[in-house]
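Remarks on the structure that follows.
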Amino acid sequence: MADVLVVVDHVEGSVRKPTLELLTVARRLGTPVAVALGAGAAQTVEVLAGHGASRILVSEAGEYADFLVVPKVDALHQAVKRVDPVAVLTVSSGENKEIAARLALRLESGVITDAVDVEAGDEGPVAVQSAFAASYTTRSRVNRGIPVITVKPNSAPVEPAAAAGAVEELAVEFSPAARGTRVVSRSARESTGRPELTEAAIVVSGGRGLGSGENFALIEALADALGAAVGASRAAVDAGWYPHAHQVGQTGKSVSPQLYIASGISGAIQHRAGMQTSKTIVAINKDAEAPIFDLADYGIVGDLHTVVPQLTEEINKRKA
Amino acid sequence: MSLRIVVCVKYVPDASGERGFADDLTVDREGVDGLLSELDEYAVEQALRIAEAAGGEASVTVLTVGPEDAREAVRKALSMGADQGVHVEDDDLHGSDVMGTSLVVASAVERAGFDLVVCGMASTDGVMGVLPALLAERLGVPQVSLLSEVSVTGGVVSGRRDGDTASEVLEASLPAVVSVTDQSGEARYPSFKGIMAAKKKKVESWDLEELDLDAELVGSAGAWTEVDTAVERPARSAGTVVKDEGEGGLRVAEFLASRKFV
């Protein structure tokens with residue numbers, strides 16, 4: 001079967017969940033061959049082999065951390081030459097999309113970003129995307145070169161599948177452009193102990209209806225009861241109630257979890273753009289006319305200050 | 001030495017209108033009003049601030065690629081304070097994918113002459129967020145992208161990039177391509193004086209011939225991706241909405257349990 005190159009997203013050797021989903025997607029198209037770059041890459045081998053990677057190309061050069069984007073493009077370009085895959089898949093993120101696009105240009109191939117699913121088609125992979133704040137679903141193909149497709153988190157289940165997982169060292173020769181943008185310093189984002197917003201299976205978001213930053217504690221308590229990530233509307237972020245990294249919407253992050261709970265969020269088009277592909281949507285808002293109720297599978301017209309704590313308490317009770 | 005800044009902007013369908021696809025599966029530009037992409041206003045703002053910090057030694061050129069109406073996006077940026085505009089318009093551009101668009105933008109940027117290219121983080125219609133990276137690849141200059149803070153000093157651009165797991169401080173020598181996020185700083189409103197002044201500013205109009213580009217490389221003919229179908233998503237079937245009468249939280253918990261989330 002044809003090889004499909006899967007770019008591994010990992011933090012110092014710990015593979016992030018969306019990469020495992022990507023391996024499920026890759027198996028529909030062929031045999032996954034993984035590429036892991038950067039410090040700790042070699043530690044990813046076991047989990048990748050356990051999820052269907054037949055081969056794992058590893059390169060731990062320091063350039064990936066010291067310079068932006070281009071070293072990884074160089075590495076993937078050389079990995080593609082070695083493997084000759086029928087497609088390259090990577091997890092949609094700001095950086096990965098940039099890497100994917102530059103790689104595609106070098107390969108003279110088309111690029112598709114933010115697929116919510118990928119199907120095997122007669123003329124190659126078919127990417128399902130959602131457009132215009134999820135009001136349209138499109139199916140697209142790459143018609144030239146090796147399709148490079150970025151896939152959003154939560155697009156496929158994680159399925160263990162034993163594979164050979166043969167490790168190969170990828171010796172990368174970096175281009176002069178690789179050292180163009182220096183990373184002068186890097187500080188890890190403070191961990192909240194909660195899942196990362198874009199890859200969480202459940203997201204609990206708060207908006208203007210919270211009334212203050214302190215009240216985000218209600219949202220955090222509910223999120224913790226559900227093992228969820230915390231999101232915020234633009235209004236809440238602009239008011240300084242919650243950090244921008246948690247903003248869901250057109251100018252923030254786009255999420256597509258199994259469950260999205262919106263509290264005190266009216267559901268302006270800009271917010272809907274970032275969450276409308278959530279599988280199940282629950283809304284709590286005191287305004288019965290709020291547009292968020294048009295999307296909700298379940299809605300409560302009521303004061304979130306009483307509804308949310310009651311919900312949190314009930315969930316904790318049921319879990320106990 | 002003068003700092004030549006080119007800001008790339010896009011004219012997009014208004015997100016608060018009914019956006020959709022035309023029969024040929026390109027974005028429908030007839031059925032809905034257009035405007036300067038909100039995320040590009042941040043790019044214009046940062047370009048103006050960088051120019052202001054450079055004193056009189058800088059020029060800001062606004063560049064857009066698109067049909068006739070797209071000139072309105074240039075006008076808006078000029079009224080914010082940019083010095084001059086370039087509008088690339090050609091019937092053969094219709095149906096371009098991001099590869100074709102980046103080729104045209106790169107050619108136009110080169111023709112305009114640049115030390116720094118400033119872009120928004122993504123368009124608000126296609127939302128791919130890859131044009132700045134493609135531009136850097138094509139121009140052979142560093143990309144310093146997705147910045148929430150940016151400054152230029154002594155021929156070096158530096159900025160802060162906030163990613164999912166880390167925040168990075170980046171720097172690169174000019175010439176370079178920069179993109180900025182919506183966290184880079186509130187965009188200014190055009191003043192009455194700015195609007196009046198914009199009317200006198202020059203907007204050049206270029207077509208493919210002036211950019212020395214073959215029509216086969218752009219538009220639908222040169223697109224490396226193809227949209228097969230675009231289906232309007234059925235409106236979500238109306239869910240259950242109930243009024244809280246003291247048990248709202250319990251009812252949500254029941255609903256979540258019925259869907260196996262609890």
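The values are calculated or read from the model by the stated rules, or taken from the named source; none is laboratory data. Computed from a prediction, not measured in an experiment: that's the story for all the values here. Every residue, glycine as well, gets a Cβ built from its backbone with ideal geometry; the counts of neighbours run over all protein chains shown. Side chains included, ligands, DNA and RNA excluded: accessible areas come from the protein's heavy atoms. Shrake-Rupley method; radii C 1.70, N 1.55, O 1.52, S 1.80 Å.
A few points about this structure:
- Meets criteria (away from chain A (no Cβ under 14 Å), more than 21 Å from residue A:250 (Cα to Cα), in a helix (DSSP H, G or I) and of a type in the set (S, T, N, Q)) for residue B:59: no
- For the stretch A:104-120, the set of residues classified as open to solvent by less than 30 Å² (accessible area, probe 1.4 Å), in contact (Cβ under 8 Å) with a residue 12 or more places away in the chain and facing another protein chain (nearest Cβ under 9 Å) consists of A:104, A:109, A:110, A:111, A:112, A:113, listed by residue number.
- Residues that are within 14 Å of chain B (Cβ to nearest Cβ), over 20 Å from residue A:143 (Cα atoms) and open to solvent by less than 10 Å² (accessible area, probe 1.4 Å), drawn from the stretch A:77-97: A:91
- Meets criteria (open to solvent by 40 Å² or more (accessible area, probe 1.4 Å) and more than 9 Å from chain B (Cβ to nearest Cβ)) for residue A:313: no
- Set side by side, the residues B:51, B:77, B:108 differ, and just one is touching a residue at least 40 places away in the same chain (Cβ under 8 Å), more than 14 Å from chain A (Cβ to nearest Cβ), part of a helix (DSSP H, G or I) and within 26 Å of residue A:144 (Cα to Cα), which is B:108.
- Residues that are in a helix (DSSP H, G or I) and crowded, with 21+ Cβ neighbours inside 10 Å within the stretch A:1-26 comprise A:18, A:19, A:20, A:21, A:22, A:23, A:25, A:26, listed in sequence order.
- When the stretch A:1-59 is filtered for residues that are within 14 Å of another protein chain (Cβ to nearest Cβ) and within 17 Å of residue A:151 (Cα to Cα), the ones remaining, listed by number, are A:9, A:10, A:15, A:16, A:17, A:18, A:19.
- Exclusive hit being open to solvent by less than 70 Å² (accessible area, probe 1.4 Å) and more than 7 Å from every other protein chain (Cβ to nearest Cβ), set B:165, B:229, B:225, B:181: B:181
- Qualifying residues in the stretch B:126-137 (those that are assigned to a helix (DSSP H, G or I) and more than 7 Å from every other protein chain (Cβ to nearest Cβ)) - the one surrounded by the fewest Cβ atoms within 10 Å (Cβ to Cβ): B:135
- Any chance residue B:86 is buried (at least 19 other Cβ atoms within 10 Å of the Cβ), touching a helix residue (DSSP H, G or I) at 6+ places or on another chain (Cβ under 9 Å), assigned to a strand (DSSP E or B) and not small (Gly, Ala, Ser): yes
- Among all residues of the stretch A:188-207, there is none that is open to solvent by 50 Å² or more (accessible area, probe 1.4 Å), assigned by the TED database to the domain that holds residue A:270 and more than 17 Å from the chain's Cα centre (by Cα).
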